[in-house]
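A short write-up of the structure that comes next.
The values are calculated or read from the model by the stated rules, or taken from the named source; none is laboratory data. Just so it is clear, the structure is predicted and the values come from calculations on it, not from any experiment. Counting neighbours? That spans all protein chains shown, and the Cβs are built from the backbone with ideal geometry, glycine included.
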Amino acid sequence: MMKFCVQPANLIGLFTIIAFLHTPLALKPAYGINPVSCKAVSVPLPADHKMKAYRIVYDSLHLSAKGLASDAFENAIAGYEKLKEKGALSKEDILTIADFTQPSSQKRLFVIDLKHCKLLYHTYVAHGENSGQKMATAFSNRNESLQSSPGFYVTSGTFDGKHGYSMKLKGMEKNINDKAEERGIIMHSAAYVSEHFIRTHGYLGRSWGCPAVSKEMNKPIISKIKNGSCLFIYSKCKNYFKQSVLLKSV
């Protein structure tokens, strides 16, 4: 198996212009996003136009200033759109991004409500023990690798396990993360995901490949994103981008 190494007033005005330019008589909602509620709609327009609409979400939520890389967001949206087109998502409003180009000492997990244009959660998330110490630089889909797997997942159901309240994840990319269920890759809480641990060690503790979160944030996040939403683990691993079918045309 291969290893993987705007202000609100201006925002409304801009959506109105987009709607005028790209919908008949400006009577239908703008593509991708409604100017009032930001609700996703199924108006078929070119992918680059959709991305421009989503970029408004990125800018209005000041996600760059909060540490979310622009590339991470744009790739997340591209794959999310493809999963939505395939009917793989039953909860289309929520997009979760773990930006593993950031060190674990940074808040690099972003839970975004695309329907209401809200950043619901911005917090810490751990990577796999063998993926690296402070930075995640090595990735694998192999059993017992203790490494994180990049790419797109669809959240599944919850259960009470050895880590308490936990959520299953289904890897959506063949030979990249499709062994997630077999490997037991889940979202769960961990005591080593805390600011105290960071102050002591300079980085978070590490999991066996799971995107672990803090005990305080675990239940609220899982309760929001469970049962059919998109989770994207982003890295700059070149092998991932060569193999990812979901991002082939990006």
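Counting only residues that are over 16 Å from residue 120 (Cα atoms) and β-branched (Val, Ile, Thr), the stretch 193-234 holds 4 of them.
Conditions tested, residue by residue: (1) under 18 Å from the mean Cα position of the chain (by Cα); (2) farther than 30 Å from residue 92 by Cβ; (3) of a type outside the set (Phe, Trp, Tyr).
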{"position": "138", "(1), (2), (3)": "no, yes, yes"}
{"position": "144", "(1), (2), (3)": "no, yes, yes"}
{"position": "153", "(1), (2), (3)": "yes, no, no"}
{"position": "160", "(1), (2), (3)": "no, no, yes"}
{"position": "169", "(1), (2), (3)": "yes, no, yes"}
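Hey, any hits in the stretch 216-223 for a residue that's farther than 21 Å from residue 87 by Cβ, surrounded by fewer than 18 Cβ atoms within 10 Å (Cβ to Cβ) and small (Gly, Ala, Ser)? Checked the stretch 216-223: at least one residue is farther than 21 Å from residue 87 by Cβ, surrounded by fewer than 18 Cβ atoms within 10 Å (Cβ to Cβ) and small (Gly, Ala, Ser).
Evaluate the following for residue 30: is it at pLDDT 95 or above and farther than 24 Å from residue 226 by Cα? For residue 30, the condition - at pLDDT 95 or above and farther than 24 Å from residue 226 by Cα - is not met.
All told, residue 52 falls short of being under 26 Å from residue 245 (Cα atoms), at pLDDT 95 or above and not in a loop (DSSP other than H, G, I, E, B). Among the criteria (1) of a type outside the set (Gly, Ala, Ser); (2) buried (at least 16 other Cβ atoms within 10 Å of the Cβ); (3) under 18 Å from the mean Cα position of the chain (by Cα), the one residue 243 does not fulfil is (3). Quick one: is residue 90 hydroxyl-bearing (Ser, Thr, Tyr) and under 30 Å from residue 200 (Cα atoms)? No; evaluated as a whole, the condition is false for this residue. Might you let me know whether the stretch 210-217 holds any residue that is part of a loop (DSSP other than H, G, I, E, B), in contact with a His (Cβ under 7 Å, 6 or more places away or on another chain) and of a type outside the set (Val, Ile, Thr)? Among the residues of the stretch 210-217, at least one is part of a loop (DSSP other than H, G, I, E, B), in contact with a His (Cβ under 7 Å, 6 or more places away or on another chain) and of a type outside the set (Val, Ile, Thr), which makes the answer yes.
Using the structure shown, decide if residue 163 is more than 13 Å from residue 150 (Cβ to Cβ) and at pLDDT 95 or above. Quick ask: steps written out before the conclusion?
On the way: more than 13 Å from residue 150 (Cβ to Cβ): yes; at pLDDT 95 or above: no.
Taking the combined requirement at face value, the residue does not satisfy it.
Evaluating residue 233 against the criteria (1) of a type in the set (Val, Ile, Thr); (2) touching a strand residue (DSSP E or B) at 6+ places or on another chain (Cβ under 6 Å); (3) in a helix (DSSP H, G or I) leaves one unmet condition, (3).
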